[in-house]
1. Restricting to segment B:69-95, and then to whatever is of a type in the set (K, R) and more than 9 Å from the chain's Cα centre (by Cα), can you tell me which residue is most open to solvent (accessible area, probe 1.4 Å)?
2. Answer yes or no: is there a residue in segment B:64-71 that is without any contact (Cβ under 8 Å) to a residue 12 or more places away in the chain and not hydroxyl-bearing (S, T, Y).
3. Select, from A:G304, A:G298, the only residue that is touching a Lys or Arg at 6+ places or on another chain (Cβ under 7 Å) and either within 14 Å of chain B (Cβ to nearest Cβ) or modelled with pLDDT under 95 (or both).
4. For segment A:204-227, state whether one or more residues are within 26 Å of B:H194 (Cα to Cα), assigned to a helix (DSSP H, G or I) and under 21 Å from the mean Cα position of the chain (by Cα).
5. Among the numbered conditions (1) more than 14 Å from chain A (Cβ to nearest Cβ); (2) under 20 Å from the mean Cα position of the chain (by Cα); (3) open to solvent by 10 Å² or more (accessible area, probe 1.4 Å), tell me where B:E178 comes up short.
6. A:G268 versus (1) open to solvent by less than 30 Å² (accessible area, probe 1.4 Å); (2) at positive phi: which is the lone unmet condition?
7. Take B:T164 and decide whether it is touching a strand residue (DSSP E or B) at 6+ places or on another chain (Cβ under 9 Å), open to solvent by 10 Å² or more (accessible area, probe 1.4 Å) and part of a strand (DSSP E or B).
8. Mind listing whichever residues of segment B:48-68 are open to solvent by 60 Å² or more (accessible area, probe 1.4 Å) and within 14 Å of chain A (Cβ to nearest Cβ)?
Amino acid sequence: MVDQLKKDLGRFRGAIPLIPRGVQCYFGEEVNRRRRVEAILAAIARNWGFHEIILPFFDYLEDFVYGLGSQLGDRVYRFLDKDGSLLALRPDLTTLVAKTVATRMTDHPIPVQLFYSGEVFRQERAGAGKQKEFYQIGLESMGVSDIWADIEIILIAIDCLLHLGVEEFKIALGNVGLFNGIVSGLDVSHEKLQALRDAVDHRDSSRLETEVADLRLSDEKKSFLVELPQLTGGREVVERAIVSVRNPRSRRSLRELSEIHSVVESLGLERFLTLDLGEVRGLDYYTGMVFKIYSSSGGFELGGGGRYDDLLAKFGWNLPSVGFSFTLDHVLPLIGETGNLEIPACPGEPRVLRTDGVASQEIFTNAWRLRREGNCIQLGVRS
Amino acid sequence: MLTVALSKGRLLEPTVEFLARAGIHVPEEILSSRRLIASDADARYRFLLVKPMDLPTYVEYGVAAAGICGRDVLLEVSPDLHQPLDLGFGRCRIVLAGNPSPAAGGRNMLSTTRVATKYPQVAERYFRSRGIPVEVVYLSGSVELAPNLGLADTIVDLVETGRTLKENGLEVLEEITESSARVVVNRACFHVLHEPVQEFLRTLRRALE
């Protein structure tokens, strides 16, 4: 790093072309590392029954706005097409996968399981782990509303990191249905809701107390909302929460969380999982479970994802979906000598383990074992 | 060992007192000498002493897992951090202040008003929310001088007692918001250092009761 900097400084001869903030170049060994890690993750995705999709770099702005919400919508790089229509550099890949599947892959067998990698562009304040151009590797499973698809997504994330030799990480798992179920009956403005969600997201209990004060909720519910950001840990947080919420949506969310937790536990992977009932943030399109992945060595998110059941309907095909992505630049520093890491072999077409709608713990145990042995396994294709 | 960043300046003394009440003893050496980093006696905490406006940066990058700083700083810097606790001390207000009877200047009444401040983001947002066009003049100190010298029409500044304002012939035109000391926690550390972070928060909560 410093060597290169000295060279760059020494080369200074007055006027030089500027490089915009928030972009990166890679060369030499760094390129090999990136490509290798990408190849490893792609091989894992294939072995879980996912197919690669390559997506356009830009699309119409309006197609991104629904999923990203006004907050991220503001941070899109936009430009005009020749005919005057507004285009955007892709700020997100999930929306593009959703659009492609819903409009052009409607005869594909369900579930549609796709993975992708590539740059996304956002006008962020560069720094603190954020870049304006960054590289995502992710996958989407479309067409399964059942919880087993959620569990699969979490397990793939764990499998990927374990393959890369990363052992020190935590997946913070929440469910936006819990919070939305509590506030959905309230007759409050969008701004008020945003303020509430923001206070939960920042775990700002004093602001939360002010925000809930004028809500038409029982005192018990109010104090539960204030407590929400502190409810993180094992399954006991679900037990704590279930006594305070009665609406079906919130209760279903809690049941889902505890189900995911018990499968992860039965595979002996619970050390990687924290339930986090205060996890309410995410892109606007999330409807169910949401998660973020953190490493213990750095302060930044490695990636994240969740369930988005309404996004595809926006593009004309009502397909419940779930997915996640890694931010490559945050994963790379955690990986030691990638030269020693093996790219998993891809034995070809996946073997299908039937789930018949509901997947039992045995299926996951079985699939996890077979996959660790290097088999290519796909769950639950309807015949 | 949990790394906690503390703000130099007006918050340092009340922070150290509060932590002592909670049973966390910031080592003397960091307070009396030029050392900016030191651990407590039973090596549970490591403290960094940083400039208030820099504190969110240390925590955002995860160099410190947690920190204690004023809400004024958080409003100005807008860091992406958890803010789980209001510690209540270091209370003050962020106000818009000006000269009650400004000398008649030659300025057009519709010209953009100028405000001098250490909090450019806060000032910008405040005027924008009121629909008033503004030119923000950033100063790093002695902001109270600006209106009298004609550098700005008003100031946005932190006020504890209001004495400095009065001595400079200024009065509060409007209160923008309140500030007090807050605990901030890095988002990743909140989960991966779950136990020590929770222990830290529990200890502080107990001292608040």
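The values are calculated or read from the model by the stated rules, or taken from the named source; none is laboratory data. Since we're looking at a predicted model, the values are computed, not measured. With ideal geometry, Cβ positions are generated from the backbone for all residues, glycine too; neighbour counts draw on all protein chains shown. When the accessible area is computed, the model is the full protein with side chains, heavy atoms only, and any ligands, DNA or RNA have been set aside. Shrake-Rupley method; radii C 1.70, N 1.55, O 1.52, S 1.80 Å.
1. We begin by selecting, within segment B:69-95, every residue of a type in the set (K, R); these are B:71, B:91, B:93.
Adding the requirement that they be more than 9 Å from the chain's Cα centre (by Cα) leaves B:91, B:93.
Values: B:R91: 141, B:R93: 79 Å².
Ranking the candidates gives B:R91 first.
2. Residues of segment B:64-71 that are without any contact (Cβ under 8 Å) to a residue 12 or more places away in the chain, as a first pass: none.
Scanning segment B:64-71, I find no residue that is without any contact (Cβ under 8 Å) to a residue 12 or more places away in the chain and not hydroxyl-bearing (S, T, Y), so the answer is no.
3. Details: A:G298 fails: touching a Lys or Arg at 6+ places or on another chain (Cβ under 7 Å).
Step by step, each of A:G304, A:G298 is checked, and only A:G304 is touching a Lys or Arg at 6+ places or on another chain (Cβ under 7 Å) and either within 14 Å of chain B (Cβ to nearest Cβ) or modelled with pLDDT under 95 (or both).
4. Step one: filter segment A:204-227 for residues within 26 Å of B:H194 (Cα to Cα), giving A:204-209, A:221-227.
Next cut, assigned to a helix (DSSP H, G or I) only: A:205-209, A:221-227.
Add one more test, that the residue is under 21 Å from the mean Cα position of the chain (by Cα), and what stays is none.
Looking for residues that are within 26 Å of B:H194 (Cα to Cα), assigned to a helix (DSSP H, G or I) and under 21 Å from the mean Cα position of the chain (by Cα), one finds none in segment A:204-227, hence no.
5. The single condition B:E178 does not satisfy is (1).
6. (1)
7. Values: touching a strand residue (DSSP E or B) at 6+ places or on another chain (Cβ under 9 Å): yes; open to solvent by 10 Å² or more (accessible area, probe 1.4 Å): yes; part of a strand (DSSP E or B): no.
No: the conditions fail for B:T164.
8. Restricting attention to segment B:48-68, the residues satisfying the condition of being open to solvent by 60 Å² or more (accessible area, probe 1.4 Å) are B:51, B:53-54, B:57-58, B:61, B:63.
Correct list: B:D54, B:T57, B:Y58, B:Y61, B:V63.
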